[in-house]
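The values are calculated or read from the model by the stated rules, or taken from the named source; none is laboratory data. Source: prediction; values computed, not measured. Please note: Cβ atoms are built from the backbone with ideal geometry, for glycine as well, and neighbour counts cover all protein chains shown.
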Amino acid sequence: MAAPTSQIQSETNSRRARAEDVDRNVGARVRQRRVMLGLTQQQMADLIGVTYQQAHKYEKGINRVAAGRLYQMARVLGVDIGYFFEGLHENGAVQASPKQRMLLELARNFISIPTRKHQEAVCSLARALTVDQKSD
């Protein structure tokens, strides 16, 4: 006996929602890494051979990233493919780690610093702090 139409629609909608969660997670991870590297969306688009609009849609999870393009993004961003799926749970829900949230907040705050001189000072401070940690 065939499953009722409402059950099939429910299962299809459930799968679609999870797929969209994955797409949004991948896009968020692309954006996070791009920002971490100091690239603009236009620079990223140029590096992977797409338009700015397409790069934007990838980051928002509006358009799904094909396997070949994901591989290309990983190479450009200097990460393994698995990086894009970190923080994704079995049910498709995205759970950012505290460290990821802190890094994203740091990137947002850094971008908001109005002068290049102050940005360089923050970079110097971060470099100095890492050197201190390595020598301990």
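The figures follow:
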read-out: Matching option when the condition is modelled with pLDDT of 90 or more and of a type in the set (A, V, I, L, M), among 22, 30; value: 30
read-out: Whichever residue in segment 28-67 is under 23 Å from residue 110 (Cα atoms) and of a type in the set (S, T, N, Q) and, among such residues, is surrounded by the most Cβ atoms within 10 Å (Cβ to Cβ); value: 32
read-out: Those residues of segment 25-70 which are among the basic types (Lys, Arg), closer than 16 Å to residue 88 by Cβ and assigned to a helix (DSSP H, G or I), in sequence order; value: 29, 31, 33
